[in-house]
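Student: Below is one structure. I have some questions about it.
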Amino acid sequence: MQTQRNELNFEGQNIFIGIDVHLKSWNVSIFTEHLHHKTFNQSASAELLSNYLGLNFPGANYYPVQPDISFIRCSNVERCRWESTVMTEGNN
């Protein structure tokens, strides 16, 4: 008899995140490689966003929509860390 797995696994899939940063809140847009998942407003909290991504897209690779904004780079949600990446013309 076959069994059905009900757990999410986005391992190897890319998730693109756009963040419009304001002082007390962020407007966040999340895209997969094929569709727009969701746009929502949240408190300005990296931990809150990391928890959302880990819950909804476990195992995924996260990338910024624009390369010159702060973003999460994760291969494992437990080891997520925020990195501030500023691209300059010299290191594109």
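Student: Suppose the chain between Glu33 and Phe10 were pulled fully straight at 0.36 nm per residue; how much longer would it get relative to their current alpha carbon spacing?
Tutor: Value of the extension gain: 7.1 nm.
Student: Still on this structure, please answer the following. Ranked highest first by average number of other Cβ atoms within 10 Å, how do 39-45, 2-8 line up?
Tutor: Packing proxy ranking, top to bottom: 39-45, 2-8.
Student: For Lys38, what accessible surface area do you get with a 1.4 Å probe? Give it in Å², rounded to 10.
Tutor: 90
The values are calculated or read from the model by the stated rules, or taken from the named source; none is laboratory data. All figures in this text were calculated on a predicted structure; none of them were measured in a lab. No Cβ is skipped: glycine too gets one built from the backbone with ideal geometry, and neighbour counts run over all protein chains shown. The area values use the complete protein model at the heavy-atom level, side chains included, leaving out ligands, DNA and RNA. Shrake-Rupley method; radii C 1.70, N 1.55, O 1.52, S 1.80 Å.
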